[in-house]
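The values are calculated or read from the model by the stated rules, or taken from the named source; none is laboratory data. Since this is a predicted model, take the numbers as computed values, not measurements. We place every Cβ from the backbone using ideal geometry, glycine too, and count neighbours over all the protein chains shown.
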Amino acid sequence: MSEPLLAVREIHTYYGDSYVLQGLSLDLRAGQAVAILGRNGMGKTTLIRSVAGLTPPRAGDVLFKGRSLRGRPAYAIAQAGVAIVPQGRRIFRSLTVREHLLLPTSALAGWRRSGARQGNRHWDLAAVLAEFPQLAERIDHLGGALSGGEQQMLAVGRALMANPELILMDEPSEGLAPRLVQQVGEIMRNLKAHGHAILLVEQNFALALAVADYVYVIASGQFVFQGTPAELARATEVLDRHLGVGAEKLA
C-alpha cells in the first residue's frame, strides 16, 4: 500500500487547559476521502484545525507527504498543499466572486506559479468557473449577495485555486437544502476523481458515508470506531451510542 499523504500520529490538542484531542491517529491517501463523524463538541473541528496548523497539537505529530508539520505556521502548511473549506464558509461579504477566487493566487498568500501538483488537475480561474457554472454567472456579484449553496461552491472553488493535494472540509452541507446537499456530494466525488484527498467533518451521516472510503467516529476526543462505511452500518452500538442514529437511517 502507498505511503499516506496525511498521517496523524498520536496528537494531543488543547484549548488552554481544556484537553480536547486525546491521542488521535489516522491515515489518508491521495484520491481518498476520510470522514470524521461524531456528536457536537467531540473534537471534530479541532482535528481539522490541528492538521491545518490553526490549533497546533501539544504532543504527537502530523505528517504531510512524509514530512512533519510540527512547528510550521498555518500559512506554510497551506503553501505546502493543504487547503481548508471552513465551517460557515467564511465568505467576505464585500468581495466579489472573482476577488474571492483570486485570493489564493495573490502575493499575500505566497502563491508561486508552479503548475499542477503531481496527479491532480490544474485549477485556475477558468477551470473553477467551468466546474461551478453558477459562480461564472455571478462572477462580479458580492459574496454577501450569494445564496448559501453558492457561498459553499465559492468556498470550495477558493480552496481549489490553491491547487491543493489535501482538502480539509468542515461541515460543507451545513444549512443547505437537500438538493444542494446532493450537489456537494457530487462535488466531493469529482474532487476525488481529480486526485484530491479529502478529510471531511460532516453531521450529515448519509452524505458522509456516500463519499467516504473510510470512517472514524470520535467521542470525547478519542476515536471509538474506525472502518469502512459498510462496517459502520453494521456497528449498531456505535451508531446508537455515539451518533444517535439507527442503522436504517444510513441505508
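Within the stretch 228-240, being closer than 15 Å to GLN203 by Cα and out of contact with any strand residue (DSSP E or B) (no Cβ under 8 Å at 6 or more places or on another chain) holds for LEU239, ASP240. Only one entry in SER114, SER106, SER25, SER50 is surrounded by fewer than 16 Cβ atoms within 10 Å (Cβ to Cβ) and modelled with pLDDT of 90 or more, namely SER25.
Within the stretch 133-251, which helices (runs of 4 or more DSSP H) (wholly inside it) include 1 or more residues that are of a type in the set (Lys, Arg) and in contact with a helix residue (DSSP H, G or I) (Cβ under 9 Å, 6 or more places away or on another chain)? So that I can check it myself, show each step before the final result.
On the way: elements: 133-137, 148-160, 178-193, 205-211, 229-234.
Filter on the stretch 133-251 gives 148-160, 178-193, 229-234.
Among the residues of the stretch 156-175, write down those that are out of contact with any His (no Cβ under 6 Å at 6 or more places or on another chain) and closer than 23 Å to TYR216 by Cβ. Steps first, answer last, please.
Keep residues of the stretch 156-175 that are out of contact with any His (no Cβ under 6 Å at 6 or more places or on another chain), which gives 156-157, 159-166, 168-175.
Answer for the stretch 156-175, where residues must be out of contact with any His (no Cβ under 6 Å at 6 or more places or on another chain) and closer than 23 Å to TYR216 by Cβ: VAL156, ALA159, PRO164, GLU165, LEU166, LEU168, MET169, ASP170, GLU171, PRO172, SER173, GLU174.
In the stretch 215-230, the residues that are touching a residue at least 60 places away in the same chain (Cβ under 8 Å) and at negative phi form Cβ pairs under 8 Å with partners that are in a loop (DSSP other than H, G, I, E, B) and surrounded by fewer than 16 Cβ atoms within 10 Å (Cβ to Cβ), at six or more places apart or across chains, as follows: VAL215/THR228; ALA219/ARG39.
Name the residues in the stretch 55-64 that are surrounded by fewer than 16 Cβ atoms within 10 Å (Cβ to Cβ) and either under 23 Å from LEU191 (Cβ atoms) or among the acidic types (Asp, Glu) (or both), would you?
ASP61
LEU176 satisfies every condition listed in (1) under 23 Å from LEU102 (Cβ atoms); (2) modelled with pLDDT under 90; (3) aliphatic (A, V, I, L, M) except (1). All of (1) out of contact with any His (no Cβ under 9 Å at 6 or more places or on another chain); (2) in a strand (DSSP E or B); (3) aliphatic (A, V, I, L, M) hold for LEU21 with one exception: (1).
In the stretch 86-98, the count of residues that are surrounded by fewer than 22 Cβ atoms within 10 Å (Cβ to Cβ), of a type outside the set (A, V, I, L, M), in contact with a Ser or Thr (Cβ under 7 Å, 6 or more places away or on another chain) and assigned to a strand (DSSP E or B) is zero.
Here's the yes/no breakdown for (1) without any contact (Cβ under 8 Å) to a residue 60 or more places away in the chain; (2) buried (at least 22 other Cβ atoms within 10 Å of the Cβ); (3) over 22 Å from SER94 (Cα atoms):
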position	(1), (2), (3)
GLY149	yes, no, no
PRO164	no, yes, yes
GLU171	no, no, yes
ARG189	yes, no, yes
LEU209	no, no, yes
ASP213	no, no, yes
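Of all residues in the stretch 47-85, those satisfying the criterion of being assigned to a loop (DSSP other than H, G, I, E, B), in contact (Cβ under 8 Å) with a residue 40 or more places away in the chain and farther than 19 Å from TYR19 by Cα are LYS65, GLY66, GLY81. Inside the stretch 5-18, can you point out the residues that are assigned to a loop (DSSP other than H, G, I, E, B) and either at pLDDT below 95 or in contact with a Cys (Cβ under 9 Å, 6 or more places away or on another chain) (or both)? Matches in the stretch 5-18: GLY16, ASP17.
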